[in-house]
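The values are calculated or read from the model by the stated rules, or taken from the named source; none is laboratory data. Not measured: the values here are computed from a predicted model. When we count neighbours, we look across all protein chains shown, and the Cβ atoms used for this are built from the backbone with ideal geometry, even at glycine.
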Amino acid sequence: MPCDGAFLRIASLMSSERKQYPFWLIEPKWQKFWDEQQAFRAWNPGESIPASHPFAQRHGHSPAQERPKFYILDMFPYPSGAGLHVGHPEGYTATDILSRYRRALGFNVLHPMGWDAFGLPAEQYAIKTGQHPRTTTEQNIATFKRQIKSLGFSYDWSREIDTTDPKYFKWSQWIFLQLYNSWFNPATGKAEPIEKLPYPPELTTENENRAYRDTKRLAYVSDAPVNWCPELGTVLANEEVIDGKSEVGGYPVIRRPMRQWMLRITAFAERLLEDLETIEWSHSLKEMQRNWIGRSEGAQVDFPVADRNPNYKITVFTTRPDTLFGATYMVLSPEHNLVDEITTPQQVQSVRAYQDEVSRKSDLERTELAKEKTGVFTGGYAINPVTRQKIPIWIADYVLISYGTGAIMAVPGHDTRDLEFAQKFNLPIVQVVQPAGGEDWRGYVDDGISVNSANPEISLNGLPTPEAKKKITAWLESKGVGEKTINYKLRDWLFSRQRYWGEPFPIVWKKDQRGELCHEALPESALPVLPPSLDDYKPTPTGEPPLARAKHWVQLPDGSIRETNTMPQWAGSCWYYLRYLDPHNDQAFCSPEAEHYWMGNRRVTHHASRITPGVDLYVGGTEHAVLHLLYARFWHKVLFDLGHVSTPEPFFKLVNQGLILGEDSQKMSKSRGNVVNPDDILAQYGADAFRLYEMFMGPLEMVKPWSTKGVEGVYRFLGRVWRLFVDEASEVELEQQLTTSASPDPNLLASVRLHSSIQDVAPAASQLKTLHACIKKVTEDLEGLRFNTAISAMMIFVNDAISWSVRPRSVMKQFLQLLGPFAPHLAEELFAKLAATFNEQPESLSYASWPKFDPALLVEDTLEIPVQVNGKLRDRIVVAAAATEEQVQAAACAAEKVRPFLEGKTVKKMIVVPKKLVNIVAA
RNA sequence: GCCGGUGUGGCGAAAUGGCAGACGCACAGGACUUAAAAUCCUGGGGCUUUAAAAAGCCGUGUCGGUUCGAGUCCGACCACCGGCACCA
C-alpha cells in the first residue's frame, strides 16, 4: 500500500482542486525542525539542558526542577494492524494543544507517548500467518508512529516506551514480585512486606507457615472456577466478560475450575472507592467505578441447620436484616459447599441432576435468558434465628456463588426475586414491612415500617426500616449469630492468561519435602524473564499455556519448572505512566527524584490532606473505565503503601474524549463502510486542518459525528490565516515553481513574502480590542478545555483582521501565538516569516511566552443596552459607559419603541443590570 | 429494573439567571471570471400583517413552578445514548 506521506502529498498536489495553502511543504518542514531540535524534550531533575535548547533559551540555566511541572498524558494506543483511526487524534490533539499552551506559560511539560503492544490480536495474527508477533508488533508500531508523527504532536519521543520491550517488562515483572511479596494488613489497611506477616500460634512447621503465607499474598494462586473462553483458549477476568461473552471477539465463556494467579484487589475496595473523592474525574466515570466495586452495607446472619450437628450453619449476607422475621426459606447457590451436607437421601437425585444441569449452562443462560426461576428442594431445613421456625433450604441458580456468601435468606414478601420463586414453588409469603404510602405490601421492597417482627426478646414493630436494621443487627451481634458487614461486588483480579504474547511470570514451581508443588519467586537478578521462542503459538485445548511447549525453557537445571501462564494485557498499562518519568533507568522502574518531581506537588492542593496530583491531566476513552483505570489505581496504591511512589492516586484529573461517529451518525465500522481514514484527510487538508477540525466539532467529551464538509470549513479558515499574512503575488509564484519542480522542496517557501499590509506600526485601539478579546477568550477556553469556542474566537479575529488595510506586526504576532497550539505548523511558518521579514531574533514559537490580555483595552466608551418591558425585548438604547442608573432609566423610558408599551400604564419597578439590560415592569 | 449523560435552526454547535442561535457547515443572492473552481460581499428560526421598509406573535423535548426576567434554577414526565443488572 502506498501510504507514504510524501506520496500522498504529491498525489494531492496533482489533483485539480486548488489548495488553500502549501501545508504539504510547511508541515514536514516543521516536524523535521522539532525533531532535530528535540524541541519537546522534557527535562528531569538533575539533567543538564544544552544552552541551545529552546527551553534553556527561554528559562536560562536554572535547573529544570525549579520550573513548575505539568504532566499531561494520553492513554497509549494498542498498535493494531488497522492503523490509527480518527478517534485517536481527538484526545491526542487536545493534550497536544494543552501541552503547547503550558510550555508557553513556562511549565516544564512532560508529554510522552508509547505502545501497549502485548495482546491477543498480534498473537492471533501470528497463529494465522506464522509470523512472530514481535515482527507484526514492530510493523504496527512503525505505522502508528508515522501516523502520529505526521500530526505534529509535541511528544517527547526520547521517552517512548513499548510494553513488549524486555527493558520495559522487566519492571512489570518486578512490580508483580512486589505484589507477590506483600500482604494486606487489615489493621493498618495497607499493603506490607510479607516478611512482616504474623503467623497464628497454632502453626508450627515451616510448611504450615508457607501455606499460610501463600494464602495472604497480594498475588496468590486459586483453584476457583474461572471464566474460560474455549475459542480464545484462555481464561478472562470478570471485567473482560460481557453478557457471558468475551469482550474480545464475542465468544462464549464458560466457568471451569482452573489453577490461576489472582491479585487481591478486593482488599483495596474501600480505598479505591473512598479515594475517588480526592480526584477530578467525570461524575459518570466515578459512578461506573463505584458501580463496579459495588459496595453494599448489610449484615451477615448465621442460620443453624435443623436436625443436624449444630455446628452446621449457613451464613447469608443481606442488606435487609430488618426483614429477618420474614425469611421463610433459604436458597443456596448450586455450587455452595454445604449442599451435599444438607441434602437428604430422598432429594439427592434431583439435587445432583439440578447441579449438573446448571453447571452446563453458560453465565448468559443463567441470567439474561432465564425468564423463569428454577430450583430444587434439598430436603434440609434451617432454623430462622429470630422466629425459631424451621424453614426449607432450596438450591437455585438465581443465587450466585460469586456474590456475598453464595447463600441467601429468602424474604418473599419484600424481594422481587424471592417472591417470584416463592409463588412458583408455593413457599410461604409473610409481611414484615408496612409501606408508608399504603401500597400493597406484597413485593414491596422499599423502606417502610416493620410489622410482624417480634419475639419474646426483641421487637422491631413500628420502627422505620433504617432503625429496624440497626436494632436487629445489634441484637444479632449480642447473640453472636450475626454482624454488620460490608460486601463488595468487586472480585479479585484473575491475572494469568494462557497466551504466548504476554509477560512471563517471574515464578517457578518446586516440590517441597513432602513432594507437594509450591511456587517460589525468582530473584530480581533473574529479571527480565524472557518468553521462549516457539514455532506454535496456538492455545492448547486443555488450557495448558502455549509456553509449556518450550520444554527446555520450562525445565530449570535445579529440577524446578517455570510458571507457563503469562500476564494479561493490562499488566503493562498498569504502570506505564511511571516508566515515562525515567524510561531509561535500568536500576529502578523510576528514580525517586523523577517520581517526586513529576508526580509530586508544587501547587496548593484543595480539601483532604493526602491529595497530591500525580498525572496532572489524563485523557482517554471511556472504554477503560473499569479495566485499566481500576487496575492502575490498585497497583499504584500498592506501590504507594510500599513506599515506591509518593501519591495515593495516579491520575489527578481525567477527561474522557467523546466517541467520533461516522458521517451517518452511526458508530464507525468496516461493515457500515463509514470509516474515515486519517491518512486521507491529512493528504487532502493537512495536519493542522485535521487537528483543528477535531477540536472544532464540539465539546471534547461529547459524542459527535464526523463531517468532511466541516473539515473543509476549518481548512478554509487556515487558508484565510495564510492570506492574512502572505503576499498573493509571491504565492502565485510559489505555485508556479511547484508545478515545475519535481519534488516539493520546503526551501521554496522562502520565496513567499509577507503581506504588504503587515507593518511595524502602533495598533489602533479597535485593533487592540479585537486582539485582546481574542486573547481573553482563547486563554479562558484553554483553561476550561473548551477548544471549540477558542477556535471560533480566532475565527472572529481573522474575520475582522482580514478587512484591515494596515495589520500591525505586534498584533499579528500575538495572534500567531494564540494559533500556535492549535495549528502549530502554519503558526510556526508564519511566525518565522514575520521574524525574518522584520530582522527579529528568530524565536521558537513553541517556547514563546503566552500573550497576556489587558482588560483595560476591552472597555467600551458607549454601550448598547437592550430594554425590556415586562420581560419582553422592545428596544435598544445607546448610553455612555459611565452613565448613572438614573440616566439609563430615563433613556430607557424615552426610547421610541418602548413608549407605546408604557402608555396608559404605571411603571411599577425598573430593573437595571449595569452595562447589561433594563427591564421596565409596568401594569 | 437501577445509575449516569444528552435533548436548542436543514446540520455541528454557542450563550456567569439578562438581546436565544456566536462560530462553522449546507443553502440562496451578488461581485470577480469567456466559464467553472477558488476567493470576496450579502442573507437565512417559524408564523402572521405588509408592495416594501417595518411591526406583532410564537419559539431551546413535554407539562408545571420559582423569578422583574428561565435554554440556564426547582418538580414531574417523555425520547435517545452509555454503564450496570437474578448483586441478596
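Give the residue, chosen from A:284, A:296, that is small (Gly, Ala, Ser), within 12 Å of RNA strand B (Cβ to nearest atom), out of contact with any Phe, Trp or Tyr (no Cβ under 6 Å at 6 or more places or on another chain) and farther than 30 Å from residue A:483 by Cα.
Answer to the check: A:284.
In the range A:638-668, what residues are without any contact (Cβ under 8 Å) to a residue 12 or more places away in the chain and away from RNA strand B (no atom under 13 Å from the Cβ)?
If the condition is that a residue be without any contact (Cβ under 8 Å) to a residue 12 or more places away in the chain and away from RNA strand B (no atom under 13 Å from the Cβ), then A:640, A:643 are the ones that fit.
Among the listed residues A:335, A:341, A:357, which satisfies the condition of being of a type outside the set (A, V, I, L, M, F, W, C) and closer than 23 Å to residue A:411 by Cβ?
From the options A:335, A:341, A:357, the qualifying one is A:335.
Can you go through A:571, A:588 and tell me which one is farther than 27 Å from residue A:128 by Cβ and of a type in the set (A, V, I, L, M)?
A:588
For the range A:25-77, what are the residues that are in contact with an Asp or Glu (Cβ under 7 Å, 6 or more places away or on another chain), surrounded by 20 or more Cβ atoms within 10 Å (Cβ to Cβ) and farther than 22 Å from residue A:98 by Cβ?
Listed by number, the list holds a single entry, A:26.
Applying the selection to the range A:187-211, what residues are of a type outside the set (D, E, K, R) and either touching a residue at least 60 places away in the same chain (Cβ under 8 Å) or surrounded by 14 or more Cβ atoms within 10 Å (Cβ to Cβ) (or both)?
Matches in the range A:187-211: A:189, A:191, A:193, A:194, A:197, A:203, A:207, A:209, A:211.
Pull out all pairs, ordered by first then second residue, where Cβ-Cβ is under 7 Å, the residues are six or more apart or on different chains, the first lies in the range A:346-357 and is farther than 16 Å from residue A:398 by Cα, and the second is among the polar types (S, T, N, Q) and not in a helix (DSSP H, G or I).
As it stands, the answer is A:347/A:378, since those pairs meet every condition given.
Please enumerate the residues belonging to the range A:158-180 that are surrounded by fewer than 18 Cβ atoms within 10 Å (Cβ to Cβ) and of a type outside the set (D, E, K, R).
If the condition is that a residue be surrounded by fewer than 18 Cβ atoms within 10 Å (Cβ to Cβ) and of a type outside the set (D, E, K, R), then A:158, A:166, A:174 are the ones that fit.
Before we move on, is residue A:857 touching a His at 6+ places or on another chain (Cβ under 9 Å), part of a helix (DSSP H, G or I) and more than 14 Å from RNA strand B (Cβ to nearest atom)?
For residue A:857, the condition - touching a His at 6+ places or on another chain (Cβ under 9 Å), part of a helix (DSSP H, G or I) and more than 14 Å from RNA strand B (Cβ to nearest atom) - is met.
Which one of A:837, A:789 is over 30 Å from residue A:747 (Cα atoms) and either over 41 Å from the mean Cα position of the chain (by Cα) or among the hydroxyl-bearing types (Ser, Thr, Tyr) (or both)?
A:789
Filter the range A:125-146 down to the residues that are surrounded by fewer than 20 Cβ atoms within 10 Å (Cβ to Cβ) and either within 29 Å of residue A:40 (Cβ to Cβ) or polar (S, T, N, Q) (or both) and list them by number.
The answer is A:129, A:131, A:134, A:135, A:138, A:139, A:141, A:142, A:143, A:145, A:146.
A quick yes/no check of all residues on (1) over 28 Å from residue A:765 (Cβ atoms); (2) within 16 Å of RNA strand B (Cβ to nearest atom); (3) in contact (Cβ under 8 Å) with a residue 12 or more places away in the chain:
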| site | (1), (2), (3) |
| --- | --- |
| A:835 | no, no, no |
| A:840 | no, no, no |
| A:853 | no, no, yes |
| A:862 | no, yes, yes |
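Name the residue that is farthest from residue A:859 (Cα to Cα), counting only residues in the range A:733-749 that are hydrophobic (A, V, I, L, M, F, W, C) and surrounded by 11 or more Cβ atoms within 10 Å (Cβ to Cβ).
A:738
Taking the stated definitions as given, is residue A:37 modelled with pLDDT of 95 or more and closer than 20 Å to residue A:150 by Cβ?
No; evaluated as a whole, the condition is false for this residue.
Out of curiosity, is residue A:317 touching a Gly at 6+ places or on another chain (Cβ under 7 Å) and buried (at least 20 other Cβ atoms within 10 Å of the Cβ)?
The answer is yes for residue A:317.
Can you pull out the residues in the range A:697-721 that are in a helix (DSSP H, G or I), in contact (Cβ under 8 Å) with a residue 12 or more places away in the chain and surrounded by fewer than 21 Cβ atoms within 10 Å (Cβ to Cβ)?
A:708, A:710, A:712, A:713, A:716, A:719, A:720
A quick yes/no check of all residues on (1) within 19 Å of residue A:305 (Cα to Cα); (2) charged (D, E, K, R); (3) near RNA strand B (Cβ under 10 Å from one of its atoms); (4) without any contact (Cβ under 8 Å) to a residue 24 or more places away in the chain:
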residue: A:373; (1), (2), (3), (4): no, yes, yes, no
residue: A:377; (1), (2), (3), (4): yes, no, no, no
residue: A:385; (1), (2), (3), (4): yes, no, no, no
residue: A:391; (1), (2), (3), (4): yes, no, no, no
residue: A:406; (1), (2), (3), (4): yes, no, yes, no
residue: A:411; (1), (2), (3), (4): yes, no, yes, no
residue: A:436; (1), (2), (3), (4): no, no, no, yes
residue: A:457; (1), (2), (3), (4): no, yes, no, yes
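Is it true that some residue in the range A:413-420 is touching a residue at least 12 places away in the same chain (Cβ under 8 Å) and away from RNA strand B (no atom under 11 Å from the Cβ)?
Yes, the range A:413-420 contains a residue that is touching a residue at least 12 places away in the same chain (Cβ under 8 Å) and away from RNA strand B (no atom under 11 Å from the Cβ).
Just a yes or no: is a residue in the range A:401-418 farther than 30 Å from residue A:352 by Cβ and surrounded by fewer than 17 Cβ atoms within 10 Å (Cβ to Cβ)?
Scanning the range A:401-418 turns up no residue that is farther than 30 Å from residue A:352 by Cβ and surrounded by fewer than 17 Cβ atoms within 10 Å (Cβ to Cβ).
Which of the helices (runs of 4 or more DSSP H) found entirely inside the range A:123-228 contain at least 2 residues meeting this: among the hydrophobic types (A, V, I, L, M, F, W, C)?
Counting at least 2 such residues, we get A:133-149, A:166-180.
What are the residues in the range A:78-92 that are more than 16 Å from residue A:707 (Cβ to Cβ) and surrounded by 21 or more Cβ atoms within 10 Å (Cβ to Cβ), if any?
A:79, A:84, A:88, A:91, A:92
Name the pairs whose Cβ atoms lie under 7 Å apart, with the first residue in the range A:261-273 and in contact (Cβ under 8 Å) with a residue 24 or more places away in the chain and closer than 15 Å to residue A:288 by Cα, the second surrounded by fewer than 23 Cβ atoms within 10 Å (Cβ to Cβ) and among the β-branched types (Val, Ile, Thr), and 6 or more positions between them or separate chains?
Listed pairs, sorted by first residue: A:269/A:293; A:272/A:293.
I want to confirm something. Restricting to the range A:880-923 and keeping residues that are assigned to a strand (DSSP E or B) and away from RNA strand B (no atom under 11 Å from the Cβ), which single residue is farthest from residue A:859 (Cα to Cα)?
Looking at residues that are assigned to a strand (DSSP E or B) and away from RNA strand B (no atom under 11 Å from the Cβ), I get A:907.
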